[in-house]
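Trainee: Please find one structure pasted underneath; my questions will follow.
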Amino acid sequence: MILRSAPVLRTVLAAAMLAGGLSACVPLVVGTGAAVGAMVATDPRTAGTQVEDEGIELRAASRITDTLGDKVHVNVTSYNRQVLITGEVPTAEDRQRVQQIVQGVQNVKSVVNALGVMPNSTMSERSNDTYITGKVRAKLVDYNDLVATNAFKVVTERGEVYLMGRVTQYQASQLTEAARSIDGVRKVVRVFEILPGGAPAPAPAASGATTAPVTTTNIRTEH
């Protein structure tokens, strides 16, 4: 899977292999279904940026629908004008076309293209993804400093959990460990803007369960 982003934002992509399931319940989803933000009291984004993110999701969704109709299942999630596109498309050309559409939306700073070239997911798979996303969010109750912010979003596709937002390295590690601990999660992908400061990243907690290591790859940026 090729992940690409437009210039400006430095992001980190990390994948951790684990164990099972996927996303929302309509062909095109705008930041909903299994793509759920942590809706709490505060948000590190400015009010203007929050409005821009909502506008990006709506405009991108509309343009994708107008262009490709219901032959694709695409989730569009924007945080701080960084856009994650997930779901399924029938061909590599459609995958590239969706990315071009999103990159052309006003205010988009970068795009991470995680679309799979495969048949659309089933309703059962999407329901399972929604369930996994809910379990990840519930797990974050154990991390009080994370629950006190709205610095991230959680998106699940085919059992792969995507974490995105503006967080410190410490928060990124906490989010990753929380997601990795959930049954049914096949992989954790971190799409973060890492902020300076914060406590050092903690060592992974000891566990009797076997978990695959988290690997980190810089996302390639291009015009």
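Trainee: Going through segment 186-200 one residue at a time, which ones are at pLDDT 90 or above and part of a loop (DSSP other than H, G, I, E, B)?
Mentor: Arg186 - this is the single residue of segment 186-200 that is at pLDDT 90 or above and part of a loop (DSSP other than H, G, I, E, B).
Trainee: Would you confirm, using the coordinates I've provided, whether Glu222 is within 15 Å of the chain's Cα centre (by Cα), closer than 29 Å to Ile101 by Cβ and modelled with pLDDT under 95?
Mentor: no
Trainee: Scan segment 133-156 and tell me whether some residue there is farther than 28 Å from Ala47 by Cα, surrounded by 24 or more Cβ atoms within 10 Å (Cβ to Cβ) and out of contact with any Phe, Trp or Tyr (no Cβ under 9 Å at 6 or more places or on another chain).
Mentor: No: segment 133-156 contains no residue that is farther than 28 Å from Ala47 by Cα, surrounded by 24 or more Cβ atoms within 10 Å (Cβ to Cβ) and out of contact with any Phe, Trp or Tyr (no Cβ under 9 Å at 6 or more places or on another chain).
Trainee: Working only within segment 157-166, note down all residues that are among the aliphatic types (A, V, I, L, M) and either buried (at least 24 other Cβ atoms within 10 Å of the Cβ) or without any contact (Cβ under 8 Å) to a residue 24 or more places away in the chain (or both). Steps first, answer last, please.
Mentor: Pass one, segment 157-166, residues among the aliphatic types (A, V, I, L, M): 161, 163-164.
Matches in segment 157-166: Val161, Met164.
Trainee: Take the residues of segment 85-118 that are of a type in the set (Lys, Arg) and not in a loop (DSSP other than H, G, I, E, B): which is surrounded by the fewest Cβ atoms within 10 Å (Cβ to Cβ)?
Mentor: In this case the residue turns out to be Arg97.
Trainee: Next up: For the subset of segment 59-80 comprising residues that are among the aliphatic types (A, V, I, L, M) and touching a strand residue (DSSP E or B) at 6+ places or on another chain (Cβ under 6 Å), which member is nearest to Lys153 (Cα to Cα)? Full working, then the answer.
Mentor: Taking segment 59-80 as the starting set, the residues that turn out to be among the aliphatic types (A, V, I, L, M) are 60-61, 64, 68, 72, 74, 76.
Then drop every residue that is not touching a strand residue (DSSP E or B) at 6+ places or on another chain (Cβ under 6 Å), which leaves 60-61, 64, 72, 74, 76.
On the way: Ala60: 18, Ala61: 18, Ile64: 22, Val72: 23, Val74: 17, Val76: 12 Å.
Going through the qualifying residues, I end up with Val76.
Trainee: For segment 119-143, what are the residues that are assigned to a loop (DSSP other than H, G, I, E, B) and polar (S, T, N, Q)?
Mentor: Pass one, segment 119-143, residues assigned to a loop (DSSP other than H, G, I, E, B): 119-122, 143.
Of everything in segment 119-143, those that are assigned to a loop (DSSP other than H, G, I, E, B) and polar (S, T, N, Q) turn out to be Asn120, Ser121, Thr122.
Trainee: Looking at Val26, Val89, Val51, Val98 in this structure, which one is modelled with pLDDT of 50 or more, under 19 Å from Thr122 (Cα atoms) and of a type in the set (A, V, I, L, M, F, W, C)?
Mentor: The unique qualifying residue is Val89.
Trainee: Still on this model: Which of (1) at pLDDT below 90; (2) under 21 Å from Ala61 (Cβ atoms) does Thr149 not meet, given it meets every other one?
Mentor: Unmet for Thr149, out of (1) at pLDDT below 90; (2) under 21 Å from Ala61 (Cβ atoms): (2).
The values are calculated or read from the model by the stated rules, or taken from the named source; none is laboratory data. Since this is a predicted model, take the numbers as computed values, not measurements. Neighbour counts are summed over all protein chains in view; Cβ atoms, including those assigned to glycine, are modelled from backbone coordinates with ideal geometry.
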